[in-house]
Amino acid sequence: MASNATAKHRQNLEIPKPIRLAGKTLQFFSLQWATRFAMNLFTTPLKFKAPKRELEMDQKSEKTRIWLPKCKKDIIAYHYGAPKTKKALLVHGWNGRGTQLVTIANMLLKKDYKTISFDATGHGRSPKNKSNMTEFIEACFVLQEKHGPFDLIIGHSLGGMATINAIKQGLNVKKAIIIGSGDVVQDIISDFVKQLELSPQIAPMMQSRFEKHFNQTMESFCVHQAAAHIDIPVLVIHDENDLDVPVTAAQRIYENLKNGEIMITKNLGHRKILGDKTVIERIKTFINPSQL
């Protein structure tokens, strides 16, 4: 039997019944209608109120509005800490915020880093909008142009996927850390369709529509394939009890890195891992091994 924490986590991941019912109703009349419905949900982030632990970072950060010219959308960037000798870019995950990696950010400030993070398109304080990984990636490059180069980049969940793809595309960083990162976009779409309790036929139909819209294949964003093109040191962190992203994603990414390290934790799930003391210590070791 699942623990109470696990059961609660699964409940949080469940798509509300009225939404599932709406999808099934549309599917009864037309697979095309159901596909459009699923795509709309898939690209619409939910905005959550920031917990108290993030308030200090939110209040002490200088916030600027940044324009992304390719997707023609605004984002809000957070500049946290006084000018330092080193700079880190923090990339949150889906439904996250620029302050979500606050525990890591506070540690980095003590290690002489200034951190820059952002509310991705449609997230946090950024204007309500659709969003997708290509816009996360564009944000990384625009912030690099304005405030980089960065010594370090840390990405969580979808932010981890965007991190590896951005580095493959030429983002200039010295080291990278990904936490709870997904791997294959097609698998994520298939899992989403399954959660909606729609026909498996919907997943390839969504994929086809996305590929036509972006004029790129889903496979071109595959993280473990992108990892094979990266030379810089990369630390992969993942929890074996992550119910959002299977730990096999981390293992496959690590196996394809040329200069990778991996840390597998237990009983931290997908989000608690961001504030765990052991994880923070492992990050410290990775970014500055000379201080061991």
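The values are calculated or read from the model by the stated rules, or taken from the named source; none is laboratory data. Here the structure is a predicted model, which means the values were calculated and not measured. Please note: Cβ atoms are built from the backbone with ideal geometry, for glycine as well, and neighbour counts cover all protein chains shown. All accessible areas refer to the heavy atoms of the entire protein, side chains included, with ligands and DNA or RNA removed. Shrake-Rupley method; radii C 1.70, N 1.55, O 1.52, S 1.80 Å.
List of remarks:
- Helix axis angle, 277-287 relative to the chain longest principal axis, alpha carbon, degrees: 60 degrees
- Carbon/sulfur fraction of accessible area - the chain, other protein chains in place, 1.4 Å, %: 52 percent
- What the chain shows is 50 Å² of accessible area per residue, with the surface traced by a 1.4 Å probe over protein heavy atoms.
- Residues of type aspartates and glutamates that residue 24 reaches as a straight line, Cα spacing below 18 Å, ignoring anything fewer than 8 places off in the same chain: 14, 191, 197
- Angle between the chain longest axis and helix 247-256 axis [Cα atoms, degrees, rounded to 10]: 60 degrees
- Neighbourhood charge, 13 Å Cβ-Cβ cut-off, centred on residue 165 and excluding it, Lys, Arg +1 and Asp, Glu -1: -3
- Hydrodynamic radius (Kirkwood) for the stretch 139-279, which is based on Cα pairs only, to one decimal in Å: 15.8 Å
- Environment charge at residue 284 (Cβ cut-off 15 Å; Lys +1, Arg +1, Asp -1, Glu -1): +1
- Low-density loop cleavage sites - trypsin sites (Lys or Arg not before Pro) in the stretch 249-288, where at most 12 other Cβ are within 10 Å (DSSP): 258, 266
- Checking the Cα-Cα distances for 87/130; 52/284; 47/73; 49/175 against a 27 Å cut-off, the pairs over it are 87/130; 49/175.
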